[in-house]
Amino acid sequence: HAWVRATAPGQKVAGAFMEITADRDMELVAGTTPRADHVELHFMRMDDGVMEMRELESIKLPKGETVSLKPGGLHAMLIGLTSQVVAGEKVPMTLTFRDSQGKQENVGITLDTASPRH
Ligand SMILES: [Cu+2]
């Protein structure tokens, strides 16, 4: 289940969340969507009550392990939204994976849009 958080009017960024299980050692290295200028991979955590968010070059996907991109943790960030993302909208996204040999593969997915309370 892959989803993106619905946005408020004028909001320019949205978090996207999903679970990924790779059948061999892979890394998620990039994403694109026609709904945003670009996509960044982020890690977020609370440190002493302070929210820390930083950009990652990749997200490691060890073989057979389910890696969760979820609120408050790893996520993909859609930056520079073309317009408001509304509940019920389907957002296409292409993810780029790289295997241990350095070979890259693109996979198209569809994100459901969930309300901010989700
Ligand atoms: Cu983020």
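The values are calculated or read from the model by the stated rules, or taken from the named source; none is laboratory data. The structure presented is a predicted model; accordingly, all values stated were derived computationally and were not measured. Note that each Cβ is placed from the backbone with ideal geometry, even for glycine, and that neighbours are counted across all protein chains shown. Calculation scope for accessible area: heavy atoms of the full protein, side chains included, ligands and nucleic acids excluded. Shrake-Rupley method; radii C 1.70, N 1.55, O 1.52, S 1.80 Å.
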* Asked: If you scan region 68-88, which residues turn out to be over 12 Å from the mean Cα position of the chain (by Cα), more than 18 Å from His38 (Cβ to Cβ), free of Cβ contacts under 8 Å to residues at least 60 places away in the same chain and more than 12 Å from the ligand (Cβ to nearest atom)?
  -> Gly88
* Please work out which residue is most open to solvent (accessible area, probe 1.4 Å), limiting yourself to region 21-46 and to residues that are touching a residue at least 60 places away in the same chain (Cβ under 8 Å) and in a strand (DSSP E or B). => Thr32
* Elements of type strands (runs of 3 or more DSSP E) contained in region 47-118, each with 1 or more residues being modelled with pLDDT under 95 and either open to solvent by 20 Å² or more (accessible area, probe 1.4 Å) or more than 12 Å from Gly15 (Cβ to Cβ) (or both) -> 50-56
* Would you please list the contacts, defined by Cβ atoms under 7 Å and residues six or more apart or on different chains, that run from a residue in region 1-13 that is more than 14 Å from Leu111 (Cβ to Cβ) and among the charged types (D, E, K, R) to a residue that is more than 12 Å from the ligand (Cβ to nearest atom) and open to solvent by less than 70 Å² (accessible area, probe 1.4 Å)? => Lys12/Gly80; Lys12/Leu81
* **Filter pass, Thr33 being within 15 Å of the ligand (Cβ to nearest atom), within 20 Å of Thr110 (Cβ to Cβ) and among the hydroxyl-bearing types (Ser, Thr, Tyr)** => yes
